[in-house]
Structures are given as C-alpha cells and as structure tokens.
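The values are calculated or read from the model by the stated rules, or taken from the named source; none is laboratory data. Predicted model only: the values in this text are computed from it and were never measured. Here the Cβ positions follow ideal geometry from the backbone for every residue, glycine too, while neighbour counts run over all protein chains shown.
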Amino acid sequence: MESRKQDLADRCIKQLDQAVRTVFGELAGTGRPNPAEPRQDDDFTATSQAESLCLMRVNHAGEVCAQALYQGQALTARNREVREQMQQAADEENDHLAWCRQRVGELGGHTSLLNPVWYTGSFMLGAVTGLLGDRWSLGFLAETEQQVVTHLEGHLQRLPENDRKSRAILAQMKTDEARHRDSAVNNGGTELPEPAKKAMTLMSRLMTTAAFRI
C-alpha cells in the first residue's frame, strides 16, 4: 500500500512539472523534424498573416488541451499498458506544441493567454474520465481525436493558400491525431453517448472562439 501511495505521489509531482513545462513552452518532443522547415511562404498580406496567426494560436491552445487531457488520463488509468499508451501519445503532442508555438512566433504573435485555464480544465476532465475506467477513458480519447481531425480539416480549408508552413504542420498533426484515434478504438475504447459528444463539441467551440482572439 505504501509503495502504491509513493508511486501516485511521484506521478503527481511529475504531472505538476509537466503542466508548467506545457504552459510555458519548455517540453521536449520526440525529436521529429518540424514538417514546415523545408517549405517557404509567399508574401503575406496583413490580413492573411493575421488570419494564419489566429488559427495557429487556436491550434496551439488545442494541443495544450490535448497534452493536459492525456496527462490527466495517464494519472488515473488503471491499466499500466493504457497509461503507457497515453504517455506515448502525449509525447507526440509535444511535437505539435513545439511546431505550433514556433509558427505562431514566426507569424509575429503570441500563444493564448488563457493556456493555464485550458490546461487545468482539460487535465481535470482527463483525470475524471480515467477514473471511470480505461474503456471509457479510451472512448473519450477516441472521440476527442475524431473531433480534432474534423477541426484540423476545417482549418486547412481556412488557411491562406500561400501559408505552406502552417499547412504542412496541420497536415502532419491530422495524421498523428487520426492514428491516436484508431489506436484508442483498437484498444477497446467505448463509443460515447451522443449527448456527451455534443457537450464536447460545445466546449471545443468555446475554447477555439476565445483562443482565436486572446
């Protein structure tokens, strides 16, 4: 029993460190190269640059939420294999965080000032779904990733045509998120009821609307 308490305490300390690093941009990713690096943008109009900046700020905030969600689920997951799967996915989300943060800087802006709020809320939500059991936790993850894929498809349509760097980043993110979704389903994730899916969609819209502006 004492060993289990110590293990939980160690994981809580690790999660606190992870939260600070996520919000303030000090996390290391997997080492994958930024997919935007080989590409060059054409000249932006002021309007196009502002649109790209706001969209990439939203995507960075979304990755903060995803990182927090995975960490919360990993903290309360009952099965060690599920916990390791969550951690592996979180490591890939670190790449997304770094790529989006770099792109926001290149576009002359800043990440969302509400990132601490996004992280806290998503972490608590992830921890609660983890407590419901691994099948529900994986089901929640799968639905989250499906909604993220749909969100990224929409942003790929909204980005200015000449913003090749942002497009390359979002395309790779979409591929990764779809893989996370499929992995969660294949590992036994339970499909969520429709009201839960609609509530998740509403929360996502509130976050993206706020992050677009702040």
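Close contacts from the range 51-68, counting a first residue that is more than 12 Å from N94 (Cα to Cα) and a second that is part of a helix (DSSP H, G or I) and basic (K, R), with Cβ to Cβ under 8 Å and a gap of 6+ residues or different chains, come to E51/R158; C54/R213; L55/R158; M56/R103. If you go through the range 97-110 and keep only what is at pLDDT 90 or above, within 14 Å of the chain's Cα centre (by Cα) and crowded, with 21+ Cβ neighbours inside 10 Å, you end up with W99, C100. Close Cβ contacts (under 7 Å, 6 or more residues apart or on different chains) running from residues in the range 132-160 that are part of a helix (DSSP H, G or I) to residues that are of a type in the set (S, T, N, Q) and buried (at least 20 other Cβ atoms within 10 Å of the Cβ) comprise W136/T129; S137/Q73; S137/T129; F140/T129; L141/Q73; H155/N59. If you go through the range 177-199 and pick out every residue that is assigned to a helix (DSSP H, G or I) and under 19 Å from E92 (Cβ atoms), you end up with 10.
For the residues G139, G154, the requirement of being of a type outside the set (S, T, N, Q), more than 19 Å from E93 (Cβ to Cβ) and over 13 Å from the mean Cα position of the chain (by Cα) singles out G154.
From the list T190, T129, exactly one residue is more than 30 Å from S52 (Cβ to Cβ) and at pLDDT below 85. Which is it? Break it down stepwise before answering.
Working: T190 fails: at pLDDT below 85.
It is T129.
Of all the listed residues (K174, K165), the sole one being more than 20 Å from R205 (Cα to Cα), touching a residue at least 12 places away in the same chain (Cβ under 8 Å) and either basic (K, R) or not in a helix (DSSP H, G or I) (or both) is K165. The set of residues from the range 69-115 being basic (K, R) and in contact (Cβ under 8 Å) with a residue 40 or more places away in the chain comprises R78, R101, R103.
Determine whether the range 195-202 contains at least one residue that is surrounded by 18 or more Cβ atoms within 10 Å (Cβ to Cβ) and not basic (K, R). No, the conditions are met nowhere in the range 195-202. Within the range 42-58, is even one residue surrounded by fewer than 15 Cβ atoms within 10 Å (Cβ to Cβ) and hydroxyl-bearing (S, T, Y)? Among the residues of the range 42-58, at least one is surrounded by fewer than 15 Cβ atoms within 10 Å (Cβ to Cβ) and hydroxyl-bearing (S, T, Y), which makes the answer yes. Within the option set L141, L113, L131, being crowded, with 16+ Cβ neighbours inside 10 Å and of a type outside the set (S, T, N, Q) holds for one residue only, L141.
Can we say H180 is at pLDDT 85 or above and within 13 Å of A66 (Cα to Cα)?
Judged against the criteria, H180 is a match.
For the range 7-23, the count of residues that are modelled with pLDDT of 85 or more and not hydroxyl-bearing (S, T, Y) is zero.
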